[in-house]
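Comments concern the structure below.
The values are calculated or read from the model by the stated rules, or taken from the named source; none is laboratory data. Treat the numbers as computed from the prediction; the structure is a model and nothing was measured. Neighbour counts run over all protein chains shown; Cβ positions are idealised from the backbone, glycine included.
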Amino acid sequence: MATVLSNATAVRVLWRPLTADDVETVAALEARIHAAAWTAGNFHDAIRAGYAARVGTRGGRIVAYGVLMLGPGEAQLLNLSVAPEARREGLGRMLLAQFIETAEHFAAEQIFLEVRVGNAPAITLYEHEGFVAVARRASYYPPSPGGEREDALVMRRSLGRLRVAARAAAGGTDSGDPAAP
Ligand SMILES: CC(C)(COP(=O)(O)OP(=O)(O)OC[C@H]1O[C@@H](n2cnc3c(N)ncnc32)[C@H](O)[C@@H]1OP(=O)(O)O)[C@@H](O)C(=O)NCCC(=O)NCCS
């Protein structure tokens, strides 16, 4: 007998690149999520600049999105956001893993990000995924309404070398091909 999916969390999330058609929706979601939100123009600029930008959709609705800037030898995670109603389902971790894979594919050796010192959910996620705090920028973030400016933690994760080390520990060799699985 066929069963009907009644639980929204049981519907699979589909991941794809962010397109210009998504921008208004993503910017509206961004305004709900962040005190210092990116504008629609910021997202259009990111697409035009060729940044790796992705969305996760469920039932046709965008539930997660993020932007990764790729530079020579390193990548910077500029945005990683999950809709409030879709949190703690593993989507943030999944999107972060996709960006790490993209950065490795483009031969980045490290990936950086900045995060508010008070953003415990994000810091916990990043630490679990191998990021380490390497610096602190005082009063970096503008204040939330009624709040004060907030420091940023700069976090970093090694890429290529970790993969080589993991392969060596597993008894394998590294092909030197950044796109190699
Ligand atoms: C940070 C954020 C992206 C996490 O997304 P998420 O989909 O809820 O996270 P996941 O379900 O993938 O969680 C992965 C891990 O992160 C940690 N984590 C996530 N949310 C957490 C919370 N509220 N409290 C503590 N740890 C948390 C946990 O270690 C979790 O693993 P677990 O569920 O096995 O314990 C999401 O909370 C978000 O969009 N926040 C607002 C935007 C933001 O702050 N972005 C980061 C800016 S740098």
Worksheet item: When the stretch 114-140 is examined, which residues are found to be over 12 Å from R93 (Cα atoms) and either among the hydroxyl-bearing types (S, T, Y) or touching a His at 6+ places or on another chain (Cβ under 9 Å) (or both)?
Response: S139, Y140
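Any residue in the stretch 23-39 that is without any contact (Cβ under 8 Å) to a residue 12 or more places away in the chain, surrounded by 14 or more Cβ atoms within 10 Å (Cβ to Cβ) and either of a type in the set (G, A, S) or not in a strand (DSSP E or B) (or both)? Don't jump to the end; show me each part of the working.
Going through the stretch 23-39, the residues without any contact (Cβ under 8 Å) to a residue 12 or more places away in the chain turn out to be 28, 31, 37.
Filter once more, so that each one left must be surrounded by 14 or more Cβ atoms within 10 Å (Cβ to Cβ): 37.
Subset that is either of a type in the set (G, A, S) or not in a strand (DSSP E or B) (or both): 37.
Yes: one or more hits.
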Practice prompt. For the stretch 77-105, name all the residues that are under 16 Å from H34 (Cβ atoms) and either in contact with a Cys (Cβ under 6 Å, 6 or more places away or on another chain) or not in a helix (DSSP H, G or I) (or both).
Written response: L77, L78, N79, L80, S81, V82, A83, R87
Worksheet item: Taking R48, is it within 14 Å of the ligand (Cβ to nearest atom) and among the basic types (K, R)?
Response: no
Practice prompt. Could you check how many residues of the stretch 142-159 are more than 14 Å from V115 (Cα to Cα), at pLDDT 80 or above and of a type in the set (G, A, S)?
Written response: 3
Discussion item. What are the pairs with Cβ atoms under 7 angstrom where one residue, in the stretch 119-148, is of a type in the set (S, T, N, Q) and the other, located anywhere, is assigned to a strand (DSSP E or B) and surrounded by 11 or more Cβ atoms within 10 Å (Cβ to Cβ)? Sequence gap at least six, or different chains.
Written reply: S139/D151
Worksheet item: Where residues in the stretch 67-108 are out of contact with any Leu (no Cβ under 9 Å at 6 or more places or on another chain) and among the small types (G, A, S), which of them is nearest to the ligand (Cβ to nearest atom)?
Response: G90
Discussion item. Here's a check for you: in the stretch 42-81, which residue that is free of Cβ contacts under 8 Å to residues at least 24 places away in the same chain and under 15 Å from D22 (Cα atoms) is surrounded by the fewest Cβ atoms within 10 Å (Cβ to Cβ)?
Written reply: G60
